[in-house]
Amino acid sequence: MQTKSAQNQKKEPYLYVVATPIGNLEDMTFRAIRTLKEVSLIAAEDTRHTSKLLSYYQITTPVISCHEHNEESRINIIVDKLSQGFDVALVSDAGTPLISDPGYRVVKGVVEAGFQVIPIPGACAAIAGLSVSALPTDSFIFSGFLNKKQARRKSELEALKITKSTIIFYESPHRLVALIEDILSVMGDRPAMVAREITKYYEEYLRGRLSYILESLKSRVSIKGECALFVGSHSDTNNEIFSIESSDIDHLIITALESSEIKPSKLAKSISQKYNLPRSEVYERILDLQSKNL
């Protein structure tokens, strides 16, 4: 394990690629905090956004912007600092830099200049969501944001159709429904999960077939927050967690209500736990069916 004293003995300067929280500010590692305090300069995707994090942890290191529009011009500044023997840190607005964020050109430029680039691991929405998706994790493909134009997006999905790995997408909330509709038309009704607002106050994990998730999202007035979509391969279709259909849920509810005096809240808890469905939506469905069968 490399300690602070050991790092102080090193002579060559490093560019540190530092992961920051994706929502909850407490998801910052001790090493990341120390690194941001000790480097001579922080290159940030958005200085205003990063300043809130630095203020929270009382970090006073100088900051410069480094985003997709000025990344090329920042390489010289960063390499110049490293040439003087100073360490530099690279951060994005949230999560691990370069994962659907700018920074690739900086890292490439620093490596080509002969300097070391060291990762400071931490939060990553793709990995955090994958770990609770209930989908296979032994092999996965990160596709990030697909093309905004439907024709090109469908072409990209066609290329992913035959993969046997879990696929991870990032998408804005106002385009999420359109993405799921395209995946359904290209890949079929696969098991999936939408992770929304990971680590934040209103975080949500919606699991089920793509058709179920689509129906659920379309019933909402709006969809807000950062979203990640996890889609299983065609070989995951027999996964019991995702095999329940809306009609099957209704049958389970009606049968349970007719055969016992179970409370709606207890029934909702049982069904949601067994099939990984949102308890609130199951509960609302129970009340709806109860009113129709009175």
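The values are calculated or read from the model by the stated rules, or taken from the named source; none is laboratory data. All values reported here derive from a predicted model rather than from experimental measurement. With ideal geometry, Cβ positions are generated from the backbone for all residues, glycine too; neighbour counts draw on all protein chains shown.
Observations
- In a residue-by-residue description of the stretch 149-159, the property of being crowded, with 17+ Cβ neighbours inside 10 Å and in the same structural domain as residue 234 (by TED's automatic domain parsing) applies to at least one position.
- Residue in the stretch 136-146 that is in contact with a Pro (Cβ under 9 Å, 6 or more places away or on another chain), within 30 Å of residue 273 (Cα to Cα) and aliphatic (A, V, I, L, M) present: no
- Scanning the stretch 262-284 finds one or more residues that are modelled with pLDDT of 85 or more, surrounded by fewer than 18 Cβ atoms within 10 Å (Cβ to Cβ) and among the aliphatic types (A, V, I, L, M).
- Residues located in the stretch 160-185, provided they are among the hydrophobic types (A, V, I, L, M, F, W, C), within 27 Å of residue 277 (Cβ to Cβ) and surrounded by fewer than 16 Cβ atoms within 10 Å (Cβ to Cβ): 178
- Any hit, the stretch 29-47, residues being at pLDDT 95 or above, closer than 30 Å to residue 196 by Cβ and in contact with an Asp or Glu (Cβ under 7 Å, 6 or more places away or on another chain): yes
- With a requirement of 1 or more residues that are under 16 Å from the mean Cα position of the chain (by Cα), the strands (runs of 3 or more DSSP E) lying completely within the stretch 83-201 that satisfy it span 140-144, 166-171, 191-196.
- Against the test of being more than 27 Å from residue 228 (Cβ to Cβ), surrounded by 14 or more Cβ atoms within 10 Å (Cβ to Cβ) and touching a Gly at 6+ places or on another chain (Cβ under 7 Å), the options 64, 75 yield a single qualifying residue, 75.
- All positions within the stretch 190-202 that are in contact (Cβ under 8 Å) with a residue 12 or more places away in the chain and surrounded by fewer than 16 Cβ atoms within 10 Å (Cβ to Cβ): 200, 202
- Among the residues of the stretch 50-78, the one identified as part of a helix (DSSP H, G or I), touching a residue at least 40 places away in the same chain (Cβ under 8 Å) and closer than 13 Å to residue 92 by Cβ is 50.
- Among the residues of the stretch 13-60, those that are surrounded by fewer than 18 Cβ atoms within 10 Å (Cβ to Cβ) and among the hydroxyl-bearing types (Ser, Thr, Tyr) comprise 29, 40, 47, 51, 55, 56, 57, 60.
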